[in-house]
Amino acid sequence: MRKITENGKSAVKKKKSDYKSGSGQDVRFSVRKKIALLALTVTFPFLLLAVVILIYMTGYSRNYDQIVSNMTVANNYNLDFKEEMDESLYKLVVGYVSFENISDKENLEDPYQLIDELRSEFSNLLDITTDPESRVWLRSLLRNIDTLEERVDDVVENIKIGGRYDENIKELDNNIYILTELIQDDIQYYIYYQTRSMEAVNNNLHLQISRFIALCSVLIAVLALLTAFLVRLITSHILRPVRQLYDATQKIAEGNFEVEADVNSRDEIAVLARGFNEMAGNMQNLIEKIKEDEGKMRRADLRILQEQINPHFLYNTLDTIVWLIEGKKPDQAVNMVVALSELFRLSLSKGKEFITLGEEERHIRSYLEIQEVRYRDILEYNIQFDQVLYEYKILKLTLQPVVENALYHGIKYKRARGYIHINGEKKGDVIYLTVRDNGVGMDREELESIQREISQPCQETEKGFGLANVNERIRMYFGKEYGMTINSEKGKGTTVEIRIPAIKEEEGGREEK
């Protein structure tokens with residue numbers, strides 16, 4: 001690319017020298033100078049206007065950013081301060097924590113530290129806030145902070161003296177909770193008036209923009225004829241190579257990736273044409289690579305289907321059914337046949353890639369009902385899915401390999417009764433599926449090994465293919481921010497968490513979050 005650019009510059013310099021050498025002495029005002037003067041005449045008013053707009057917008061942006069920053073600070077404390085202060089003081093009063101160890105407790109803060117931070121932040125806001133109404137509420141807030149600190153001093157003194165639990169509880173109910181509520185109200189009023197200030201800034205901006213638009217309209221009308229003349233001159237030199245590029249892209253759209261754009265204009269379009277030719281050559285390789293990857297993914301899907309619906313599982317299940325029939329237990333045999341039929345139906349899913357979470361739950365339940373008959377002495381399970389999840393989509397055979405892994409590598413080797421707990425819940429736009437067992441678990445070395453295995457393509461794994469396949473398919477369909485995490489402790493069990501986006505299919509095949 002650099003070589004092409006340098007060649008282009010050399011060609012331009014050569015043309016300039018040719019022009020100068022061929023110029024007659026009677027040329028007193030060259031075309032180049034006319035174009036430069038015309039360009040200056042056209043651009044100077046807009047340049048001046050742009051400078052004025054830039055100066056004004058800079059001031060507006062500074063004011064706007066300051067208001068947004070103020071509101072951000074206020075919002076942070078509006079959401080957290082009251083809850084943290086009330087909870088921390090209550091835990092101090094009831095003796096759950098002391099001042100010496102309160103900072104070590106999760107979700108608890110030293111009340112004096114909270115007060116100091118709040119006073120510092122809103123004192124700074126008072127220094128930089130210009131809106132009178134906002135300043136009124138800031139002063140009110142700072143006064144309430146001082147009063148709150150005095151009430152906290154009373155509580156602390158009572159705690160030191162001891163034996164004043166009821167008095168402290170009354171202090172919390174009658175003073176501190178009311179003060180934190182007043183502080184929260186002050187913050188909300190401050191945010192309200194800052195919002196009004198932002199509205200005033202916006203209205204002023206709109207007025208100025210209207211004036212600038214009127215001025216620009218006049219300038220555009222005056223300069224329209226001049227710019228039209230220039231456009232007519234240069235379009236013929238630009239449109240021809242652009243047309244060549246357009247024709248080449250049309251052929252690319254028709255599937256002809258061997259096309260090349262033959263542009264010899266020795267300018268930026270020529271550079272673009274060379275890049276286009278390189279891109280066209282690479283696209284064929286990319287398409288072949290995508291087809292290859294799709295084939296690998298399809299083979300992986302078939303492979304995991306074969307592993308999950310394997311002959312050994314089928315033989316063992318049929319043997320169990322025969323045993324139930326011979327043992328004069330026809331009802332249990334029928335239930336097991338129904339569960340096996342449901343398992344196969346949901347595993348195949350008519351070739352669909354996605355099923356609903358409701359279907360996935362039935363699939364897991366059928367699998368565990370079958371396994372419960374075989375391992376009735378050691379297996380206990382529990383499935384808890386929020387019913388709102390049933391219409392959301394999931395890649396088929398996502399949970400079954402995880403549950404099978406928990407049974408065969410966790411519960412089975414425990415040599416004692418164990419449980420498998422399967423849970424599903426939605427948080428925001430993400431669905432969390434958890435499979436937890438109390439089996440033999442893994443030590444740090446084994447856990448790190450399996451974590452490495454599931455993080456690489458399943459074709460490259462030496463063990464744990466089922467888990468790696470699930471993780472790879474999730475990331476391939478939804479992105480690298482989703483997938484599987486595993487935590488385990490030797491002798492205590494293993495927890496596998498799967499994250500997928502909350503997507504459900506509406507009528508007509510449209511998907512929405």
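The values are calculated or read from the model by the stated rules, or taken from the named source; none is laboratory data. Just so it is clear, the structure is predicted and the values come from calculations on it, not from any experiment. All Cβ positions, even for glycine, are placed from backbone atoms using ideal geometry, and neighbour counts span all protein chains on display. We work out accessible area using only protein heavy atoms, side chains counted, and drop any ligands, DNA or RNA first. Shrake-Rupley method; radii C 1.70, N 1.55, O 1.52, S 1.80 Å.
Residue 408 fulfils the conditions (1) crowded, with 17+ Cβ neighbours inside 10 Å; (2) assigned to a helix (DSSP H, G or I) except for a single criterion, (1).
Yes/no matrix, rows are residues, columns are (1) under 20 Å from residue 340 (Cα atoms); (2) of a type outside the set (Asp, Glu); (3) touching a residue at least 40 places away in the same chain (Cβ under 8 Å); (4) surrounded by fewer than 22 Cβ atoms within 10 Å (Cβ to Cβ):
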site	(1), (2), (3), (4)
375	yes, yes, no, yes
416	no, yes, no, yes
421	no, yes, yes, yes
436	no, yes, yes, yes
443	no, no, yes, yes
447	no, yes, yes, yes
453	no, no, no, yes
456	no, yes, no, yes
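The rows are residues; the columns are (1) open to solvent by 60 Å² or more (accessible area, probe 1.4 Å); (2) of a type in the set (Lys, Arg); (3) within 25 Å of residue 198 (Cβ to Cβ).
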| residue | (1), (2), (3) |
| --- | --- |
| 69 | no, no, yes |
| 86 | no, no, no |
| 118 | no, no, yes |
| 137 | yes, no, yes |
| 150 | yes, no, no |
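On the stretch given as the range 357-390, residues that are assigned to a strand (DSSP E or B) and either of a type in the set (Asp, Glu) or in contact with a helix residue (DSSP H, G or I) (Cβ under 8 Å, 6 or more places away or on another chain) (or both) total 5.
Among the numbered conditions (1) within 15 Å of residue 85 (Cα to Cα); (2) hydrophobic (A, V, I, L, M, F, W, C); (3) free of Cβ contacts under 8 Å to residues at least 12 places away in the same chain, the only one that residue 161 does not meet is (1). For the range 155-207, the set of residues classified as polar (S, T, N, Q) and closer than 16 Å to residue 70 by Cα consists of 184, 188, 194, 195, 197, listed by residue number.
Tell me yes or no: at least one residue of the range 328-336 is touching a residue at least 40 places away in the same chain (Cβ under 8 Å), of a type outside the set (A, V, I, L, M) and not in a helix (DSSP H, G or I). The answer is no; no qualifying residue exists. The condition (being exposed (fewer than 12 other Cβ atoms within 10 Å of the Cβ) and at pLDDT 80 or above) is satisfied by just one residue among 157, 167, 171: 157.
For the range 139-148, filtering for residues that are open to solvent by 20 Å² or more (accessible area, probe 1.4 Å) and of a type in the set (Val, Ile, Thr) leaves 1. When the range 384-429 is filtered for residues that are at positive phi and more than 28 Å from the chain's Cα centre (by Cα), only 415 remains.
Taken across the range 95-108, residues that are under 20 Å from residue 73 (Cα atoms) and out of contact with any Lys or Arg (no Cβ under 8 Å at 6 or more places or on another chain) do occur, with at least one present.
If you take the residues in the range 481-513 that are basic (Lys, Arg), modelled with pLDDT under 90 and open to solvent by 90 Å² or more (accessible area, probe 1.4 Å), which one is farthest from residue 413 (Cα to Cα)? Taking the candidates together, the pick is 510. Here residue 394 does not fit the description of being closer than 30 Å to residue 333 by Cβ and either open to solvent by 10 Å² or more (accessible area, probe 1.4 Å) or in contact with a helix residue (DSSP H, G or I) (Cβ under 6 Å, 6 or more places away or on another chain) (or both). Scoring residue 180 on the criteria (1) outside any helix (DSSP H, G or I); (2) in contact with a Lys or Arg (Cβ under 6 Å, 6 or more places away or on another chain) leaves a single failure, condition (1).
Among residues that are small (Gly, Ala, Ser), part of a helix (DSSP H, G or I) and over 35 Å from the mean Cα position of the chain (by Cα), residue 140 is included. For first residues located in the range 260-279 and over 11 Å from residue 242 (Cβ atoms) and open to solvent by 30 Å² or more (accessible area, probe 1.4 Å), partners that are of a type in the set (S, T, N, Q) and modelled with pLDDT of 70 or more and lie 6+ apart or on another chain with Cβ distances below 6 Å form the pairs 260/277.
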